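Notes for the one structure printed next.
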Amino acid sequence: MVTRGFTGRPRNTEPTDRIPPGQHLVDYFPVLSAGPTPHITPEKWRFTLKIGPRPVKTWTWDEFNALPMTKMVRDIHCVTTWSMLDSQWEGVLIDDILADAYIEPPTPFTLAHSFDGYSTNVPTADLVTGKAMVALKYAGKPLERDHGGPARLLVPHLYFWKSAKWINGLQFTERDEAGFWELRGYHIYGDPWREQRYTHD
Ligand SMILES: Nc1nc2c(c(=O)[nH]1)N[C@H]1C(S)=C(S)[C@@H](COP(=O)(O)O)O[C@H]1N2
Ligand SMILES: [Mo]
């Protein structure tokens, strides 16, 4: 008698414990955008924190780049079913942005806004305590324009539509206000491990 482990097919080498249900692995970085890629020069780039309608602080590109930089290696899961393991990012933690503005998380929810008019909503708790950053580099290089360069939000534990490309600010809101895709049928929260793809999932 032989056990299957000795004679069977080669083992499945995919680390399935890292791939959420309904996802498959890719070994390249796909580009997905709702519209054309905007061209934002460092001179024109700004990042603004708002509490409701009230601007709290705005950074220029040079000011933002002077903030503490943090590296993150994370698995990414896109609602269109691809997942990418061990992607390497570098940027400014949301915690460090808040600290530079001398504020504590002011409201339970946040809307991220982008230069292309895109927006997406995330509970503030999912952005702080080291969970999320404004990423300026991918795989050691300045973030490519198609992937959101010069700067994008990175919320790696939620579906990738929450990681707003070409980000230009965060707006703290009292209520959970649906963003671009959330208004068009995507889930309000978007946890890949609970397969929260569409509104009623
Ligand atoms: N500003 C902006 N951010 C965006 C999007 C967009 O169209 N505009 N698309 C979202 C979607 S649906 C996904 S899956 C990811 C894709 O990021 P990538 O092109 O770097 O793979 O960006 C998200 N962030
Ligand atoms: Mo997406």
Counted residues in the stretch 60-72 being in contact (Cβ under 8 Å) with a residue 24 or more places away in the chain and within 21 Å of T124 (Cα to Cα) come to 6
Note on the stretch 57-88: residues touching a Pro at 6+ places or on another chain (Cβ under 8 Å) and among the aromatic types (F, W, Y) are W61, W82
Pairing a residue in the stretch 18-46 that is over 30 Å from D201 (Cβ atoms) with any residue that is part of a loop (DSSP other than H, G, I, E, B) and modelled with pLDDT of 95 or more, where Cβ atoms lie under 7 Å and the two sit 6 or more apart in sequence or on different chains, gives P38/F115; P38/D116; P38/W166; I40/F115; I40/P150; I40/W166; P42/P150; W45/P150
The number of residues in the stretch 154-184 that are part of a helix (DSSP H, G or I), in contact with a Leu (Cβ under 9 Å, 6 or more places away or on another chain) and over 13 Å from D126 (Cβ atoms) is 2
Scanning the stretch 170-184 residue by residue, those more than 12 Å from ligand 1 (Cβ to nearest atom) and surrounded by fewer than 23 Cβ atoms within 10 Å (Cβ to Cβ) turn out to be Q171, F172, T173, E174, R175, D176, E177, A178, L183
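Would you pick out the residues in the stretch 34-68 that are touching a strand residue (DSSP E or B) at 6+ places or on another chain (Cβ under 6 Å) and assigned to a loop (DSSP other than H, G, I, E, B)?
Just the residues of the stretch 34-68 that are touching a strand residue (DSSP E or B) at 6+ places or on another chain (Cβ under 6 Å), to begin with: 46-51, 55-59, 64, 67.
Matches in the stretch 34-68: L67 only.
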Checklist entry - With respect to D75, is the statement that it is in contact (Cβ under 8 Å) with a residue 40 or more places away in the chain and either within 16 Å of ligand 2 (Cβ to nearest atom) or surrounded by 17 or more Cβ atoms within 10 Å (Cβ to Cβ) (or both) true? => result yes
Scanning the stretch 123-148 residue by residue, the ones that are touching a residue at least 24 places away in the same chain (Cβ under 8 Å) and more than 15 Å from ligand 2 (Cβ to nearest atom) total 18
Query raised in the report: With respect to E104, is the statement that it is open to solvent by 40 Å² or more (accessible area, probe 1.4 Å), away from ligand 2 (no atom under 16 Å from the Cβ), more than 21 Å from P150 (Cα to Cα) and among the acidic types (D, E) true?
Result: yes
Scanning the stretch 185-201 for residues that are outside any loop (DSSP other than H, G, I, E, B) and in contact with a Pro (Cβ under 8 Å, 6 or more places away or on another chain), the one least open to solvent (accessible area, probe 1.4 Å) turns out to be P192
Scanning the stretch 137-167 for residues that are within 11 Å of ligand 1 (Cβ to nearest atom), open to solvent by 40 Å² or more (accessible area, probe 1.4 Å) and not aromatic (F, W, Y) gives E144, R145, D146
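Please determine whether any residue of the stretch 193-201 is in contact with a helix residue (DSSP H, G or I) (Cβ under 9 Å, 6 or more places away or on another chain) and under 18 Å from W59 (Cα atoms). Let's see the steps before the verdict.
Our first condition is that a residue be in contact with a helix residue (DSSP H, G or I) (Cβ under 9 Å, 6 or more places away or on another chain); within the stretch 193-201, this holds for 199, 201.
From the residues that got through so far, the ones that are under 18 Å from W59 (Cα atoms) too are none.
No, because not a single residue in the stretch 193-201 is in contact with a helix residue (DSSP H, G or I) (Cβ under 9 Å, 6 or more places away or on another chain) and under 18 Å from W59 (Cα atoms).
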Just one listed residue, out of I40, I51, is open to solvent by less than 60 Å² (accessible area, probe 1.4 Å) and either within 16 Å of ligand 1 (Cβ to nearest atom) or farther than 25 Å from A125 by Cβ (or both), and it is I40
Checking M69, M84 in turn, the sole residue that is open to solvent by 40 Å² or more (accessible area, probe 1.4 Å) and under 23 Å from K141 (Cβ atoms) turns out to be M69
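The values are calculated or read from the model by the stated rules, or taken from the named source; none is laboratory data. Computed from a predicted model, the values in this text were never measured in an experiment. Heads up, the Cβs are rebuilt from the backbone with ideal geometry, glycines too, and the neighbour counts pull from every protein chain shown. Note: accessible area is taken over every heavy atom of the protein model, side chains too, but ligands, DNA and RNA are not part of it. Shrake-Rupley method; radii C 1.70, N 1.55, O 1.52, S 1.80 Å.
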